[in-house]
Structure formats: C-alpha cells, structure tokens
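The structure under discussion appears below in the form of structure tokens.
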Amino acid sequence: MFLIHTVLFDLYEGSVQDRFVISGRCARNYETEHGRSERGIMCLLLMALNTHVTYPLILLANRDEYYERPSASARFWAEAPSVLAGKDLRAGGTWLGITRKGRIGAVTNYRDPASIREDAPSRGRLVSDFLLGQRGPEEFIDKLDREAWKYNGFNLIVGEKGQYYWYSNRGDGVRSLPAGIYGLSNHLLDTPWPKVVKSKDALMHLLSEREAPSLEELFLILTDHTIAGDEDLPDTGVGLEWERILSPVFIKSPTYGTRSSTVVLIDADNRVTFVEKTFNADLNHPAITRHVFRIESI
C-alpha cells in the first residue's frame, strides 16, 4: 500500500546575492568552443549513507543546465508509474530518480571538453535504464562496463536494498559505498574541488548537530553562491572564467545555472521523502514538488 502526496507551488525565498555574472558572449563562446554536449547533467551530489539514526539515506543534489533546455520536473512517469524522476525532454533520460521499490540512480558528467564526442549517446539514459530495468546494481554496471567507452565522461551512482555503488568510465572500476558521507561533482568521487569539500563539511556539521535535520537546513547547503578563489580552482580545460562560474555549489548566470535542487530522504521505515525545487532564470520563485511514499516490499 502506498502513501503518496504531491504538491506543486511557488515559494518566494528572497533575493539572491550575485557575486559573479557571466556575460552572454562568454556563454556563447563556451558553447562554440566546447560543444553543446558539455552540458550539465547533475553537477553536485552529496550522499550520507547509514550515518544518521533517522535516515539511512540522505541525498542532496543540484542539477546545472542551460535555462533554454526543456525538461520536466520530478513526477511519477505516465509510461512507467513506478519511476519518480525528472526528465530531459530533448534527449530523454533523467539525472536523478527513484522507484517505488527503492531502486535509485543518479549521474553527473565528467568535465573534460577535449574528449567530448557529439555523437555519444545520452548519459541521462544510464539512470533511466537502471530505474526501468530489473538487473541489480552490480550486474547493471558489469554490463555497462563493456560499452561505457561509447559515452562521454560520466559518474553513475546506482543502488537498491541499502546497497549503493559508484562507477565512472573515467575511473578504475566499480566501488561499493560503505557507510559514510560522499561528495561528487564533475570529476571522480570525493575529488576535493572547493564546492565538494565545502558542501560535504556543511552536511557533516549539520548531521552532527541535529537528530533530524529539516528540509530547509538541507536545502540551505545547496544554495551557497560563493565563488572559490582562483588558487583553489581545478583546471578542467574550460578556461579560468568558466572555472569561476562553475565553482559555486549553486550556479547562476544569464544563460546557465542550477536548474533544480533536490533532497531525498529514506527513513528507517523505508518512507521516502523526495522534494525538488525547480528554477528558471528567475531564482526568486522556484516551483516546489514534494512526493512522499513508502518503498514496496520486494
């Protein structure tokens, strides 16, 4: 039996302090030089696994993308009613999702514009294929490993029944994730980019102080606009100006930025709370979608 509650509404959250604004010319130059395939899928993912007495899983995620790229906010799919996920309306697939049986998947890209292939298949399909499929996480990754070279660089997290795995076609194999707090951006798992270090530290601090952190406190971690100092920036081949733009936890520019922030909680009774804030260029009025249900027995 399912308990499902869905709400969609607008919430005013006050103005955003801009510390850096990208010019439209810079955005066009980035697209020209590095290709439209180097778009964001999910650009920050935090996971707390079996580190909190109330929530065996806490997942926080920001998806960064061009504002003009069409996508649908998280909902149960009409064609697959067990799948709760957003959807990329241009290439298909999704960046983050969960099923009523507790299968969960998320993907980030691996930022390496020099290796981008315009004919590569959509990385968002990796998540939807897992959510829609029947293979366990290890079997799914084992099959994927044989054809992962076809894709542009990615990181994939998949799991079910409390077992979670990370895999990258730029890494060195599949990794089972034991209890701990993990951060993932557009390099390998726990690469110490400023946004990863800062947001992981914030989550660790919050969980050490709160028996049950509030959604507001968790979302606050995802709203940090602070730009890292030049001395701390990675060099991923996109140029210094874009490294600055992409360095905050929450990204904003006239054409590109954080399109959605998501919090997923699974409690000890297998009750899922999935809350997503969806943004466009007007960051002051996000649409908020909330889904609550209990994972089915398998």
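What follows draws every value from the coordinates through simple rules; no lab data is involved. Please read all numbers here as calculations on a predicted model, not as lab measurements. Methodologically, a virtual Cβ is constructed for each residue, glycine included, from the backbone with ideal geometry; neighbour enumeration extends over all protein chains shown.
Brief remarks on what is shown
- Listed peptides 70-77, 271-278, 56-63 by packing density, highest first (mean Cβ within 10 Å): 56-63, 271-278, 70-77
- Using a cut-off of 27 Å between Cα atoms, the listed pairs Lys101/Lys252; Lys198/Lys252; Lys87/Lys252; Lys150/Lys252 include Lys101/Lys252; Lys150/Lys252 as exceeding that distance.
- For region 5-294, averaging the sequence separation of C-alpha pairs within contact (under 8 Å, six or more residues apart) and dividing by the residue count gives a relative contact order of 26 percent.
- Note on Leu89 and Arg135: the model spin-label points, each 7 Å out from Cα along the C-beta direction, lie 3.1 nm apart.
- In region 176-243, GluC sites (Glu not before Pro) in a DSSP loop with at most 11 other beta-carbon atoms within 10 Å: Glu211
- Within region 221-257: backbone nitrogen closer than 20 Å to the Glu209 label point (7 Å, Cα to C-beta): 221-226, 249-250
- Rounded to the nearest 20, the size of the Cβ-charge dipole of the chain about its Cα centre is 760 debye, with Lys and Arg at +1 and Asp and Glu at -1.
- Choice from Gly105, Gly237, Gly183 showing the highest fluctuation, given a GNM over the chain with Cα pairs closer than 10 Å: Gly237
- Options Thr191, Tyr151, Ala228, ranked by Cα towards positive dipole end of the chain, top entry (Cβ charges): Tyr151
- Seen through its C-alpha gyration tensor, with square-root eigenvalues sorted a ≥ b ≥ c, region 88-192 comes out oblate because a/c lies at 1.5 or above while a/b is not bigger than b/c.
- Segments 86-98, 193-205 sorted - mean Cβ within 10 Å per residue, highest first: 86-98, 193-205
- Compactness relative to 2.2 N^0.38 Å, alpha carbon Rg of the chain: 0.94
- Amide N proximity, region 193-234 versus Arg290 label position 7 Å along Cα-to-Cβ, cut-off under 18 Å: 212-221
- Spin-label pair Lys101/Ser82, simplified geometry with 7 Å Cα→Cβ offset, distance in nm: 0.3 nm
- Gaussian network model of the chain, springs between alpha carbon atoms under 10 Å - residue of Leu188, Leu177, Leu144 with greatest fluctuation: Leu144
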